[in-house]
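See below for the structure under consideration.
A short reminder: the numbers here are calculations on the coordinates, not readings from a lab. What you are looking at is a predicted structure, and each value in this text was computed from that prediction instead of being measured. Every residue, glycine as well, gets a Cβ built from its backbone with ideal geometry; the counts of neighbours run over all protein chains shown.
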């Protein structure tokens, strides 16, 4: 009897001090940042007096453990907290996944057959070409036979060439089908992988009762970016700006009817005050140590991004043309305004390279990436710098019925969406309209004849600074036509926001280099080159136009290279940047000619990479 009582007491004490509950919490709110989100989950639990171990499972595996906060602990002691990731086996293949894999095998087989057929046809053409030399041998060739031979070989080669073209089109279609199937398979396989997070709490309650335990934690697999629609009907009207947000989350748990805020803050950026140290100057080795910037160290790869567009600037905010942008095997270059657009493919890193600047490689973390490159002074020796840029220039939709409230924080802005939001855990963005503004707008035309003979219509947007805008992509609409997309860069202190609305073919421009005004001579060991340019511009519109035209004179950073005798007509010249700027007003059907010239002097045994 005594043994039974002791055992009963032991069991009661064990229950009192070793209760374990595994619970599924529900996400009730989230603050989503450009990269990452602060998520709050809740669960009502029944706690007995004493110690209880609560295991919150089926969470995102990408939780920042140091960010976990536990609320709802009145009269409860938190003895222990931990986060871990369960690496479980994959689920059994689903019927849909098996079907896609079988389809992929079929298309790969068809692709192989098509490849083989193309190779066979190419060999047939090679055989015909090798055998078409006319050698009559003992048989005498006459005009009729020669004509028959020619028609035969021509018809055969033409027929086979057409067949090769048809097969190449078929091969292209097979490759597209294979690419689509591969993406679908990757999506399903990612859902099949059971890789979940788990937070364990050891709680000690003073008394039993029902409690609501709330967990708040930061996850890396969520984010948002701004998207805009800019619309105007004519150059006499203001532009209407529609502010939208594209939001995604791939935490593994669907968010249903949650309270959602969007924040422009950067929670993972370094908030520690920098310490300025003494700057000691001395002679040393010409080899320079590159500064290792840590401003990109908290960026993480975003698998939902399929393409990236943006702008590349230098440290002063000047756009950089011709920057090499690489993602895996895909490559492109920035245009005159520093714009670029590139597909991501299967790579996770984007790299920027430009002569005279330090290369930068960062994760593909957003669909819109604007970046500032830092000069690499070690690579600038004996380089003639040409002026660039213009210091004055800068899928489904869930429209929220009410305007999102913009809450101004000390160093950021939060947008409170007015309605509960549901967001599935996948790799797709969901779009929400935040608000809409009409911006006071002025228009002017712009051209850089050295780079393009086109004349661009530029909209100057005023009073935009108080609208809580952030960098993002913008869809352009003008005169009921879709013009494409552009990137809004808002990182510089400009009164106006410049937007290019495309070219106007009714303004004709031509840049020439008259031979009679250009010469090359020698004086001792010095080569002297005189260059002169003329720019003719004509307005064929039935209205008055104002055009800003810019050219550039090269700038020397080497004492042995001299740029002299800069002449220009009716223009402004900035000797620091080399820009020559004309502000021209043309009446309907009016034409004018602009001109400028300069002289270069440098050692005749050296070669300069001069532009035409």
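Quick one: 353, 557, fewest Cβ neighbours within 10 Å first, how do they rank? Write down the numbers at each step before the final one.
Numbers: 353 15, 557 12.
Exposure proxy ranking, most exposed first: 557, 353.
Compute the Cα gyration tensor for segment 172-260, then decide on rounded, prolate or oblate, letting a ≥ b ≥ c be the square roots of its eigenvalues: rounded whenever a/c is under 1.5, prolate when a/b is larger than b/c in the other cases, and oblate in all that remain. Working shown, then result.
Details: a/c = 4.72, a/b = 1.44, b/c = 3.28.
Oblate, because a/c is 1.5 or more while a/b does not exceed b/c.
Any chance you could run the full-extension gain for residue 605 through residue 544? It's 0.36 nm times the residue separation minus the Cα-Cα distance, nm to one decimal. Provide the component values of the computation, followed by the final result.
Working: separation 61, 0.36 × 61 = 21.96 nm, distance 5.05 nm.
Result for the pair: 16.9 nm of gain on full extension.
Between residue 593 and residue 413, what FRET efficiency follows from the Cβ-Cβ distance if R0 is 41 Å, with the result rounded to 0.05?
Values: r = 50 Å, r/R0 = 1.21.
Between residue 593 and residue 413 the formula returns 0.25.
So how many Å³ per residue does the convex hull of the Cα atoms of segment 507-603 work out to?
Working: hull volume 8.4 nm³, N = 97.
So the per-residue hull volume is 87 Å³.
Kindly state, to the nearest 0.05, the FRET efficiency for residue 475 paired with residue 84, given R0 = 51 Å and r defined as their beta-carbon distance.
Numbers: r = 44 Å, r/R0 = 0.86.
FRET efficiency, residue 475 to residue 84: 0.70.
Assuming 0.36 nm per residue, please report the length gained on full extension of the stretch residue 165 to residue 77 beyond their Cα-Cα distance.
Result: 24.2 nm gained on full extension.
So if each residue of separation counts as 0.36 nm, and I subtract the Cα-Cα distance between residue 96 and residue 212, what length gain in nm does that give? Kindly include the intermediate steps, with their values, before the conclusion.
Numbers: separation 116, 0.36 × 116 = 41.76 nm, distance 3.93 nm.
Value of the extension gain: 37.8 nm.
With label points built 7 Å along Cα→Cβ from the Cα atoms of residue 361 and residue 536, find their separation and express it in nm.
5.1 nm
Fewest to most neighbouring Cβ within 10 Å: what's the order for 598, 340? Display every interim value, and only then the final one.
Values: 598 19, 340 22.
Neighbour counts put them in this order, fewest first: 598, 340.
Which of 66, 250 comes first, and how do the rest follow, when ranked by fewest Cβ neighbours within 10 Å?
Numbers: 66 8, 250 22.
Least to most surrounded, the residues fall as 66, 250.
Could you compute the FRET efficiency for residue 204 and residue 490, with r as their C-beta to C-beta distance and R0 at 51 Å, rounded to 0.05?
Working: r = 51 Å, r/R0 = 1.00.
Using R0 = 51 Å, I get an efficiency of 0.50.
Describe numerically, in nm with one decimal, the distance between label points set 7 Å from Cα along Cα→Cβ at residue 521 and at residue 583.
3.8 nm
So what is the relative contact order for segment 507-603, in percent, with contacts set as C-alpha pairs under 8 Å and at least six apart? Display every interim value, and only then the final one.
Details: 207 pairs, mean separation 36.4, N = 97.
37 percent.
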